[in-house]
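Asker: Structure in structure tokens, see below.
The values are calculated or read from the model by the stated rules, or taken from the named source; none is laboratory data. This one's a predicted model, so the numbers in the text were calculated from it and none came from an experiment. Using ideal geometry, Cβ is built from the backbone for each residue, glycine included, and neighbour counts are taken over all protein chains shown.
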Number of protein chains: 2
Amino acid sequence: MRISELSRRSGVPVATIKYYLREELLPAGVATSATQAEYDDHHLRRLRLARALIAVRGLSVSTTREVLRALDEHSTDLHLLFGLALGAVVPTDEPDSPSDQPQEPTPADELISALGWEISEKAPTRATITDTIHTLRELGLPADWQTLVPYARLAERTADLDLAQLEDAEDPLERVERAVLLTILLEPVLLALRRMAQENESAKRHPRPDTGPDTD
Amino acid sequence: MRISELSRRSGVPVATIKYYLREELLPAGVATSATQAEYDDHHLRRLRLARALIAVRGLSVSTTREVLRALDEHSTDLHLLFGLALGAVVPTDEPDSPSDQPQEPTPADELISALGWEISEKAPTRATITDTIHTLRELGLPADWQTLVPYARLAERTADLDLAQLEDAEDPLERVERAVLLTILLEPVLLALRRMAQENESAKRHPRPDTGPDTD
């Protein structure tokens, strides 16, 4: 297809597509003349993915380029791809190895070990866990890694739902793209669902007598 | 206590405390001389809360002031407080009422109705749900409100965990402050747990033969 049809089918303006091409977010089309090129469904899918990462999720162009490049280079290693796409892993040729000096385990280390999870040593999510536990404690709230175990068990079931959504995608690349989209785009939805569930649960526990429908 | 002790116990610099006082995030202390004032545990707790909302969660000073003011004015209505503190509800004297013109139900409306949840008509979380479903569809992913039902059921159980953490706080104001902190501060943790659970589940389903400990 021409760039105009690519624009029409993706909803992305031609000027933006040209910008993505210059920034190497999108591979070049097959040149059919000095000024025209032909694009295919791979370009369309890649364009939608880039657009979602940038416009919907607010990733920078350079981060998006890294994510897309990683998808290209590692498309047979689904586990690594998940990590790359989710920002959990920095690409490296070395296998994960613990630091030379033995260190005191962090709350995140203890949590992951208690759960029996297999998680990259370099995952930035580890710092998120540890930092938040420290912050909660500084604020005088009772919180330690044990507090998070039941949350983690629910997260396992959420991840099962996530992975189940990928099963009907046959192409591995499509599966990974879908994984990235689902993971990133569902994040605000999951937080919204939790807040609504809190509101609903709170309404059940603390009924407001002055706003009910009955006025007898 | 003097402002210096308030600073020491909260870990917030004196200059920041003075700024919060000027911005009315913190009520004035009881003046003991022309240049000194006395603060109590209420100030300490309020200071920690303001600090967490601003420095940890990145809320603006004016949003933080609104949240804190709402806590002061509605401290007996736990349900409303939850909504205010979580940004789910805009304070108003009118009860929720549906719009005059009947409108096509959005995906969020259908989801909430199917779940049987009691949620404010004005909750911005509704738009989050609807917008994301539209985005996923535009990207070619199969998604509708039914997709979210099992996620919502897990969110209910997460909210149960959240509310259970509040039960040992006796003072209602302390309970609400704790609710705000737990809800807001745990958000990045819950997303981190989901990403790690995906990584772990993905590792189980797609083992990487070249990085295992055995090399036979």
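Asker: Which residue pairs have Cβ atoms under 7 Å apart, sit 6 or more places apart or on different chains, and have a first residue in segment A:135-151 that is in contact (Cβ under 8 Å) with a residue 24 or more places away in the chain and a second that is surrounded by fewer than 19 Cβ atoms within 10 Å (Cβ to Cβ) and not β-branched (Val, Ile, Thr)?
Answerer: From segment A:135-151, the pairs are A:Trp145/A:Glu110; A:Val149/A:Ala114.
Asker: Please tell me if B:Ala123 is modelled with pLDDT of 80 or more, surrounded by 21 or more Cβ atoms within 10 Å (Cβ to Cβ) and over 25 Å from A:Thr128 (Cα atoms).
Answerer: No; evaluated as a whole, the condition is false for this residue.
Asker: Among (1) in the same structural domain as B:Asp162 (by TED's automatic domain parsing); (2) modelled with pLDDT under 65, which single condition is B:Gly140 missing?
Answerer: Failing condition for B:Gly140: (2).
Yes or no, residue by residue, for (1) facing chain A (nearest Cβ under 9 Å); (2) among the aromatic types (Phe, Trp, Tyr); (3) in contact with a helix residue (DSSP H, G or I) (Cβ under 8 Å, 6 or more places away or on another chain); (4) not in a helix (DSSP H, G or I):
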| site | (1), (2), (3), (4) |
| --- | --- |
| B:Asp109 | no, no, yes, no |
| B:Ile119 | yes, no, yes, yes |
| B:Ala123 | yes, no, yes, yes |
| B:Leu136 | yes, no, yes, no |
| B:Leu166 | no, no, yes, yes |
| B:Arg175 | no, no, yes, no |
| B:Arg178 | yes, no, no, no |
| B:Leu182 | yes, no, yes, no |
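Asker: What residue, of B:Asp144, B:Asp160, is more than 8 Å from chain A (Cβ to nearest Cβ), among the charged types (D, E, K, R) and surrounded by fewer than 21 Cβ atoms within 10 Å (Cβ to Cβ)?
Answerer: So the residue among B:Asp144, B:Asp160 that is more than 8 Å from chain A (Cβ to nearest Cβ), among the charged types (D, E, K, R) and surrounded by fewer than 21 Cβ atoms within 10 Å (Cβ to Cβ) is B:Asp144.
Matching residues to (1) modelled with pLDDT of 95 or more; (2) touching a strand residue (DSSP E or B) at 6+ places or on another chain (Cβ under 7 Å); (3) closer than 18 Å to A:Asp171 by Cβ:
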{"site": "A:Arg9", "(1), (2), (3)": "no, no, no"}
{"site": "A:Val12", "(1), (2), (3)": "no, no, no"}
{"site": "A:Tyr20", "(1), (2), (3)": "yes, no, no"}
{"site": "A:Gly29", "(1), (2), (3)": "no, yes, no"}
{"site": "A:Thr32", "(1), (2), (3)": "no, yes, no"}
{"site": "A:Ala37", "(1), (2), (3)": "no, yes, no"}
{"site": "A:His43", "(1), (2), (3)": "no, no, yes"}
{"site": "A:Arg46", "(1), (2), (3)": "no, no, yes"}
{"site": "A:Leu49", "(1), (2), (3)": "no, no, yes"}
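Asker: Looking at segment B:1-59, what helices (runs of 4 or more DSSP H) fall wholly within it and have at least 3 residues that are surrounded by fewer than 17 Cβ atoms within 10 Å (Cβ to Cβ) and not assigned by TED's automatic domain parsing to the domain that holds B:Asp171?
Answerer: Passing ranges, in order: B:3-10, B:14-22.
Asker: Six or more apart or on different chains, Cβ under 6 Å: which pairs go from a residue in segment A:116-132 that's on the phi < 0 side of the Ramachandran plot to one that's among the hydroxyl-bearing types (Ser, Thr, Tyr) and surrounded by 14 or more Cβ atoms within 10 Å (Cβ to Cβ)? Could you list them?
Answerer: Note: pairs meeting the criteria are A:Thr130/A:Thr106.
Asker: Report yes if A:Ser62 is under 21 Å from A:Leu181 (Cα atoms) and at pLDDT 85 or above, otherwise no.
Answerer: So A:Ser62 fits the description; yes.
Asker: While we're here: Would you confirm whether any residue within segment A:177-196 is over 22 Å from B:Asp131 (Cβ atoms) and either at pLDDT 85 or above or surrounded by fewer than 24 Cβ atoms within 10 Å (Cβ to Cβ) (or both)?
Answerer: No, there is no match, as no residue in segment A:177-196 is over 22 Å from B:Asp131 (Cβ atoms) and either at pLDDT 85 or above or surrounded by fewer than 24 Cβ atoms within 10 Å (Cβ to Cβ) (or both).
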